[in-house]
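Take a look at the structure set out below.
The values are calculated or read from the model by the stated rules, or taken from the named source; none is laboratory data. These figures come from a predicted structure and were not determined experimentally. Cβ atoms come from the backbone with ideal geometry, glycine included; neighbour counts cover every protein chain shown.
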Amino acid sequence: MKTPEVIFEALKQHFGEAILAQQANVLNEFMIDVEPSAIKKVSFFLVSEPEYNFDNLILISALDDANGKKVIAEDGSFIFEGGTLSLIYHLESTTHKHRLVLRVTLPKEKPEVESVSQLWQHADWEEREAYDMIGIVFLNHPDLRRILMPYDWDAGYPLRKDYKNPEFYQGMKVPY
Amino acid sequence: MSVKTEHMVLNMGPQHPSTHGVLRLEVELDGEIIIDVKPHIGYLHRCFEKHCEAMTYPQIIPYVDRLDYLASMYNEFGYVIAVEKLLGIKVPERVEYIRVIMGEFQRIASHLVAIGTYGIDIGAFTPFLYCFRDRERILNLFEITCGARLLYNYMWVGGLSHDIPPDFVRLAKEFLVDFKKTIAEVNNLLSYNKIFVERTANVGILPVETAINYGISGPNLRASGMKWDIRKDDPYSIYDRFDFDIPVGEGLRGTVGDCWDRYYIRVLEMVESVKILEQALDQIPEGNVQETIPKRIKPAEGQIYTRVENPKGELGYFIVSKGGLQPHRVKVRAPSFIHLGIMGELCKGHLVADIIAILGSIDIVLGEVDR
Amino acid sequence: MIYNFLVDLIGNEAVAAFINSIIPLLFIVPFALFAVYLERKVSAHMQDRLGPMITGWHGWLQTIADILKLLQKEDITASKTDKPLFFIAPILAFTGSYMAFAAIPFSSAYIGANIDLGLIFIAAVSSLVVAALLMAGWASNNKYSLLGAMRSAAQIVSYEIPTILVILTILVVTGSLNLYTLSENQTNIFKWLIFGGYGEGWQKFAIIPFMMVGMVVMFISTLAEVNRTPFDIPEAESELVAGFHTEYSGMKFAMFFLAEYANMFAVSVLVSAIFLGGYQSPFGYIGDVIGVSWLIPIEQFMWFAVKGLFFVFVQMWLRWTLPRLRVDQLMEICWKYLIPISIANFLIVAFLMVLL
C-alpha cells in the first residue's frame, strides 16, 4: 500500500520531465499529470514493477475540457477553437490495494496518444469508446472503430461540448 | 491433400431469443466450432452521458435507473453516494440502513433474473418461473415503498423519496423465510442437475489473471477464485457493520472460473444477501429520511470517482464538476460493458451452443452496455 | 376389422381402402389439439401458473382459437427460398409421421395396414422426416435453419440404431415384427413384453430385466427421434431461434406443428404397443363380463389412447423439468451408452432365448 504522493515521487525520479505535476481534487485524491508521449512507458512501469503492480485498470474516462476560444456562429451554435481534451486513467492494484489517477492532456487539433491496450486488455473497449465519443485517436490500437455510435457516423464526436447533431443520417431526419 | 473448408459467419442478433437484449454477435464458425466472436453493440445507445451534461444533479437519478434496469436501486445507490461525497453530506443512519436493505433486495432480484434466464438459455424453462415468482415479491416490496416496480427514482441526494411503510419490515422478513426454500428448490432443480452441470462445467473457463486484465469484476471475478468485493475491500455506506462472507468460485463441478462457477456464485451471493438483510432489518433505527436533502445542489469544482458493488460488478461513477448546477462530465464504469469485452476470448474453440452458456453466465444487461 | 366391414358396406375395395386410411386422421387432429392444450396446462401447473384460463372453461378453446389464427395468417415465403422444396417439406414431414400410424393397431378392430414387417416399416417411414427437415432447413436459405436441420438429421439417424436394436431384441423374443400380432397376444398384464412376453417356460422370467432395459432405451431414443427436450437440439430455442422451421409461418408452420404432435403420439403408442400390450387392457374387459362383444374394441381403443397419453405426459414432464443437452453430448449418449447397452441387451436376450 503506497500513497499517491509516494508513487508520484518515484515516478518523478524515474521519468523526470514526463511527469508534469500533481494536482489535488476536492477529496484530496491526487491526480498525476503525464506527458502524452510517456503514458505507455509510465503505465508499463506501473504494471511491471512488483512494488506497484497496478494490474487493474478501473476506467479510462475521456473528457472535453472546453477551455478553447468560444466562437459563436450566426445560428447560435458554437465551436471551441483550440483547447484540450483529457484522458483520465484510474488504476488499482489488487495485491497492494492502492489506487492512482493519471491524467493526459491532449491538444484538440491533434488528439493522438499511445494505446495502453497491450498492457490492460480492458483498455481496448474503453479506448474505442473514448475514440467514439470524444475523438481521441489511439496509436497502435488493435481495432480502433466506433463502438456505441453507428460505424458510419460521420457527424463528429458526440461528447465534445461543441457537438452539433446532423440534419440527416442516412436519409432519416435526426432532430425531432 | 488438404481440403479447404469455408468458415461460416453467423449473425446472432440483434434480435435473437437469448442475447438478452439487442446485442449482435458476429460468430465465425467452422462447422459448429467457434473461431471468433465479435460483439457489436450500441443498438440501445441513448446518450446517457450527453444527457447528464445538460441536467442538474437530481434530474440525473431517473436516467441512472435506466442503466442496469434490473438493478435500478443499486445504480441510484452508487450515484447518490458519489454526489454526496462531492457535496460533503453525511446522511442519517436510517437512510443508510434503508439504502442497504433496498440495495440487497435489488441484488437478490437481479441475481434471480440472472439465474432464471440462464436456466432458459440452457433449456430449462421451469426454474425461470420459480425465480420470477420470488422476484415479484421483492418488486411488491419496492412498490409499497416507492410506487414503482422497475425504475424507482427512490434514493435522492441526501435522503430518500419516501420512508418505508410501517409493515415493510414484517413483509420483508416473511419473504426472507420463504426465500430460503426457493434457493433450495432452485439448487435441486437446476444447480445440481446432471445435464445442467454437463452443459456448464468446464465451459468458458476464465483464469483469474485474464479476468483482472480484462477489468472483470463482481461475481464473474469472484467465480474465478479472487476474493474481491468492494463491500469488503473498499467499504462504502455502512457495509462494514454487517457480518457476511464473500463466496468465491471453487470449481466444485469442474474447473475454477467455468460457467457453472459463475452461475453458482450468484446463488451463494443471494444467501449472503439474505444474511445482510436479516441483520439490517433487525438493526434499522428510527429517524427522518429527508432532513439532509439539500435545497440546492451545486458542488464545488472538482472530480470524484466512487464505486459500489452492483449485482453485476463494480459500478463506478466518475463525475467532474466545474462548479455549475450541471455536471461537466459523468462517466459510468458499467460492469456489463466491460464484461462483454471478454466474450471473444471466452468463446474461442467452443461449440455454438456454448456461446449461449457463456453469454448467459457473464450476465449482461444491454441497457448498461450501450448506455 | 373395419376394412372388411367397409368393403362389405361399399362393395368397392379402393373406396374402402381410402376411407380406411383417413380414419387415423380423424383421431390425430383432435388429439393434436388436445395435446397442445395438455402441454400448456401441464407446463403451467409445473411452473406454479394456471395456463390458459380465459377462452372457454379453463381455457379449453384456446388451441382452437390458435388454429383459427394460424389458418388466417399470411403465408410468408422469403424471396430467396427454394420454393418447391420449401413447399414440399412440411407436407413430407406430416406424411412421414402419418404413415407410421398405418402399422399401429388402434384396437383389435382397426389397423391401417396389417403388414408383417410393421416395426421395420415404422422405422423406415419415420426416417422420411429427416428428409423433410433437411429440405426445410436447406430451402429456407437461413443459417439457423440449416444448422438446425443438420443437427436433426445427425440426431435422428443416430438414434434409429438403438431403436432398431431393441426391435431386433423383440424379434428374437416373439418371432414377430407385426404389431397387430404383438398386441393381440399380450392379452393381460402378465403377458406384456415388459413382463417377459407371452412365451412359455423359465426364459420368460429370465428376460424380464432385459425387457425393462430395452423399454427405457427405446423410450429415450424415440424421445430423441421426435426432438423433444432434453433432445430438442434441432429447434433449440435459445440457440437456433426455432431451428428448421424458423422461416415458416401460417399453415405450413401448423403442418410442422401437427407433425410434431402426431410424432409424439406415434412413438408413445409404439412403445406401449411393443412393451405394454398396446390396446390390450391389463385386467380384462367389461364387454366380456356383461357379454356385449361390440364393446370390447371400444374399450381397447380407450386403453390404447390412455397408454399413449401417459407416455405423451411423460414426454411433457421431462420437457418442463430438464435442461437441454449439447450436440456432442447428445451424440455421446447415443454412441457411447445407448448403442452398447442395446447391443449387449440384444445378445443376452438372444443367448437366453436361443442357446439355453
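Some observations on this one:
- Looking across the range B:323-339, the residues that are buried (at least 21 other Cβ atoms within 10 Å of the Cβ) and either more than 20 Å from the chain's Cα centre (by Cα) or facing another protein chain (nearest Cβ under 8 Å) (or both) come down to B:PRO327, B:ARG329, B:LYS331, B:ARG333, B:PHE337, B:ILE338.
- Residues of the range A:71-123 that are within 13 Å of another protein chain (Cβ to nearest Cβ) and among the charged types (D, E, K, R): A:GLU92, A:LYS97, A:ARG99, A:ARG103.
- Scanning the range B:74-125 for residues that are hydroxyl-bearing (Ser, Thr, Tyr) and away from chain C (no Cβ under 14 Å) yields B:TYR74, B:TYR79, B:TYR97, B:SER110.
- Residue in the range A:78-95 that is assigned to a loop (DSSP other than H, G, I, E, B), in contact (Cβ under 8 Å) with a residue 60 or more places away in the chain and out of contact with any Lys or Arg (no Cβ under 7 Å at 6 or more places or on another chain) present: no
- Residue in the range A:114-127 that is closer than 20 Å to B:HIS51 by Cα, modelled with pLDDT of 85 or more and either among the small types (Gly, Ala, Ser) or within 13 Å of the chain's Cα centre (by Cα) (or both) present: yes
- Among the residues of the range C:161-183, those identified as farther than 15 Å from C:PHE346 by Cβ and within 20 Å of the chain's Cα centre (by Cα) are C:ASN178, C:LEU179, C:TYR180, C:THR181, C:LEU182, C:SER183.
Residue-by-condition table, conditions (1) within 18 Å of B:ILE164 (Cα to Cα); (2) of a type outside the set (D, E, K, R); (3) at pLDDT 90 or above:
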position: B:ILE108; (1), (2), (3): no, yes, yes
position: B:TYR118; (1), (2), (3): no, yes, no
position: B:ILE122; (1), (2), (3): no, yes, no
position: B:PRO127; (1), (2), (3): no, yes, no
position: B:CYS131; (1), (2), (3): no, yes, no
position: B:LEU139; (1), (2), (3): yes, yes, yes
position: B:CYS146; (1), (2), (3): yes, yes, no
position: B:LEU150; (1), (2), (3): yes, yes, no
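- Taking the criterion of being part of a helix (DSSP H, G or I) and either surrounded by fewer than 24 Cβ atoms within 10 Å (Cβ to Cβ) or away from every other protein chain (no Cβ under 12 Å) (or both), the residues of the range B:186-206 that qualify are B:VAL186, B:ASN187, B:ASN188, B:LEU189, B:SER191, B:LYS194, B:ILE195, B:VAL197, B:GLU198.
- Breaking point among (1) in contact (Cβ under 8 Å) with a residue 40 or more places away in the chain; (2) within 14 Å of chain B (Cβ to nearest Cβ); (3) surrounded by fewer than 23 Cβ atoms within 10 Å (Cβ to Cβ), for C:MET251: (2)
- Of the residues making up the range B:273-285, none is within 14 Å of another protein chain (Cβ to nearest Cβ), touching a residue at least 24 places away in the same chain (Cβ under 8 Å) and not polar (S, T, N, Q).
- Odd one out for A:TYR151, checked against (1) facing chain B (nearest Cβ under 10 Å); (2) surrounded by fewer than 13 Cβ atoms within 10 Å (Cβ to Cβ); (3) under 18 Å from the mean Cα position of the chain (by Cα): (3)
- Residue in the range B:276-285 that is over 23 Å from B:ASP243 (Cα atoms) and in a loop (DSSP other than H, G, I, E, B) present: no
- Residue match in the range B:312-327 (condition: under 30 Å from C:ASP328 (Cα atoms) and either without any contact (Cβ under 8 Å) to a residue 60 or more places away in the chain or part of a loop (DSSP other than H, G, I, E, B) (or both)): no
- Residue in the range C:127-147 that is nearest to the other protein chains (Cβ to nearest Cβ), counting only those that are of a type in the set (S, T, N, Q) and in contact with a Leu (Cβ under 9 Å, 6 or more places away or on another chain): C:SER145
- Looking only at the range A:20-55, and only at residues there that are modelled with pLDDT under 70 and surrounded by 15 or more Cβ atoms within 10 Å (Cβ to Cβ), the one that is nearest to the other protein chains (Cβ to nearest Cβ): A:VAL26
- Enumeration of residues in the range C:314-356 that are modelled with pLDDT of 85 or more, closer than 30 Å to B:ILE115 by Cα and of a type in the set (S, T, N, Q): C:GLN315
- Of the numbered criteria (1) within 14 Å of another protein chain (Cβ to nearest Cβ); (2) in a helix (DSSP H, G or I); (3) buried (at least 19 other Cβ atoms within 10 Å of the Cβ), the one C:LEU322 fails is (2).
- Of the residues making up the range A:101-124, one or more are surrounded by 23 or more Cβ atoms within 10 Å (Cβ to Cβ), part of a helix (DSSP H, G or I) and touching a residue at least 24 places away in the same chain (Cβ under 8 Å).
Each row is one residue, and each column tells you yes or no for (1) surrounded by fewer than 20 Cβ atoms within 10 Å (Cβ to Cβ); (2) at pLDDT below 80.
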site	(1), (2)
C:TRP202	yes, yes
C:VAL213	yes, no
C:LEU240	no, yes
C:PHE283	yes, yes
C:GLY291	yes, yes
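- Of all residues in the range A:56-70 being touching an Asp or Glu at 6+ places or on another chain (Cβ under 7 Å) and away from chain B (no Cβ under 14 Å), the one that is surrounded by the most Cβ atoms within 10 Å (Cβ to Cβ): A:GLY68
- Residue in the range B:30-37 that is over 21 Å from A:LEU148 (Cβ atoms), charged (D, E, K, R), away from chain A (no Cβ under 14 Å) and not in a helix (DSSP H, G or I) present: yes
- Restricting the range C:325-356 to residues that are more than 13 Å from every other protein chain (Cβ to nearest Cβ) and of a type in the set (Val, Ile, Thr) leaves a set whose member that is surrounded by the most Cβ atoms within 10 Å (Cβ to Cβ) is C:VAL349.
- Counting only residues that are touching a helix residue (DSSP H, G or I) at 6+ places or on another chain (Cβ under 7 Å), more than 12 Å from chain A (Cβ to nearest Cβ) and either among the hydrophobic types (A, V, I, L, M, F, W, C) or in a loop (DSSP other than H, G, I, E, B) (or both), the range B:207-219 holds 1 of them.
- Looking only at the range B:251-288, and only at residues there that are among the small types (Gly, Ala, Ser) and buried (at least 17 other Cβ atoms within 10 Å of the Cβ), the one that is farthest from B:LEU359 (Cα to Cα): B:ALA280
- Unmet requirement for C:ALA78, which otherwise passes all of (1) of a type in the set (A, V, I, L, M, F, W, C); (2) in a loop (DSSP other than H, G, I, E, B); (3) touching a helix residue (DSSP H, G or I) at 6+ places or on another chain (Cβ under 8 Å): (3)
- So B:GLY302, is it at the interface with chain A (Cβ under 9 Å from one of its Cβ atoms) and at positive phi: yes
- In the range B:54-67, residue farthest from the other protein chains (Cβ to nearest Cβ) [restricted to those that are surrounded by fewer than 20 Cβ atoms within 10 Å (Cβ to Cβ) and in a loop (DSSP other than H, G, I, E, B)]: B:THR56
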